[in-house]
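To start, the structure under review is shown below, and the notes come after it.
The values are calculated or read from the model by the stated rules, or taken from the named source; none is laboratory data. It should be emphasised that the depicted structure is a prediction, and the values quoted were computed from it without experimental measurement. Glycine gets a Cβ as well: all are built from the backbone with ideal geometry, and neighbour counts include every protein chain shown.
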Amino acid sequence: MEAGLNTIRSSRHSARLGVLIMLLGMLMFSLNDVMGKWLVSTHSVSQLMVIRSLAALLVLTPFFVRRGWRSLVKIERPRLHALRAFLFAADASAFYFAVAYMPLADTMTYWLAAPIYVAAASPFLLGEKVGWKRWTAILIGFAGVLVALEPSQQSFSLPALIALTGSTAFAFALLLGRKFRATPDITLIFWQLGGALIFSLFGVAANPEGWTPLDLQALLSLSLLGIVAMLAHLFVSRSLKLADAATVVPLQYTLLFWAVIFGWFFFGDTPRLTVVIGAALIVASGLFIFFREQQLKQTSSDDRVVET
């Protein structure tokens, strides 16, 4: 009896710790967004991505060495890993480009729609079944994107279209991630950072004039951006190991709260009404899709238990 109570207490403690770490991870991601918006005003996206990726790779080198370089490079389905890395690189580059011209909350709204794109594409790419309830939520989510985009000849600006493209790339990267659930996190991070570095080096080669001279302060600031982003990913990964996804994943929507607060405090941004309405539809749709998927997984698990 006492052992059972200790197990319950330990589980609750882990869940609370998982929630705190996820909240910290979302705060770190938000700080990454603020720093990116600030730095991209004086540095090209390609230059920012190169230094960011190099700094993160350098900090993680001891973990790569411990894992073994051979095991990081010689993996199954390397082409899919490369495609996933390319999509994440395109996603990050598009985000930094968009946030240079758009308020933080506007930009974040597009990226929070990514789980909706994943749910819509999963029946066709992964063969997953999606019922009418989730299709309804998906359509509501797409309506939220359209409201936020505010379709008109004026609103289809290049930054908005790039934000839409970047968030779509992020969604497909998440879809590919489902195929690598058994792959160690450190391997995925290695490919993700390596892909971002190669992608951004091509950007520098295409526009060498965009590379500005770096003093020590600029180098440290760009490096710190990479370290903050890396820590955010690690916090999220750790959180998911301490608590159920149903407990911590919905906390990703606190990104929108921080985007509004930081955007107003640091840049004087005020979200448009259409963005607020669109974001509300996207968040509601995303939460419904997530909890519906959790419910179906639990039902499927219970059925297997009954059968055995």
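Of the conditions (1) at pLDDT below 85; (2) surrounded by fewer than 18 Cβ atoms within 10 Å (Cβ to Cβ), residue 271 satisfies every one except a single condition; which number is it?
Every listed condition holds for residue 271 apart from (2).
Within the range 59-97, count every residue that is in contact (Cβ under 8 Å) with a residue 60 or more places away in the chain and on the phi < 0 side of the Ramachandran plot.
So the count comes out to 26.
Could you please let me know if residue 96 is under 22 Å from residue 250 (Cα atoms) and of a type in the set (Ser, Thr, Tyr)?
no
In the range 173-191, how many are closer than 19 Å to residue 118 by Cβ and assigned to a helix (DSSP H, G or I)?
Here the count works out to 9.
In the range 116-148, what residues are within 19 Å of residue 283 (Cβ to Cβ) and over 20 Å from the mean Cα position of the chain (by Cα)?
Result: 133, 134, 135, 136, 137, 139, 140, 143, 146, 147.
Examine the range 60-70 for a residue that is assigned to a helix (DSSP H, G or I) and either crowded, with 24+ Cβ neighbours inside 10 Å or hydroxyl-bearing (Ser, Thr, Tyr) (or both), and state whether such a residue exists.
Checking the range 60-70: at least one residue is assigned to a helix (DSSP H, G or I) and either crowded, with 24+ Cβ neighbours inside 10 Å or hydroxyl-bearing (Ser, Thr, Tyr) (or both).
Taking the stated definitions as given, is residue 238 of a type outside the set (A, V, I, L, M, F, W, C), over 22 Å from the mean Cα position of the chain (by Cα) and either over 28 Å from residue 46 (Cβ atoms) or modelled with pLDDT under 90 (or both)?
The answer is no for residue 238.
Across the range 263-290, what is the number of residues that are within 25 Å of residue 37 (Cα to Cα), in contact (Cβ under 8 Å) with a residue 24 or more places away in the chain and either outside any helix (DSSP H, G or I) or polar (S, T, N, Q) (or both)?
5
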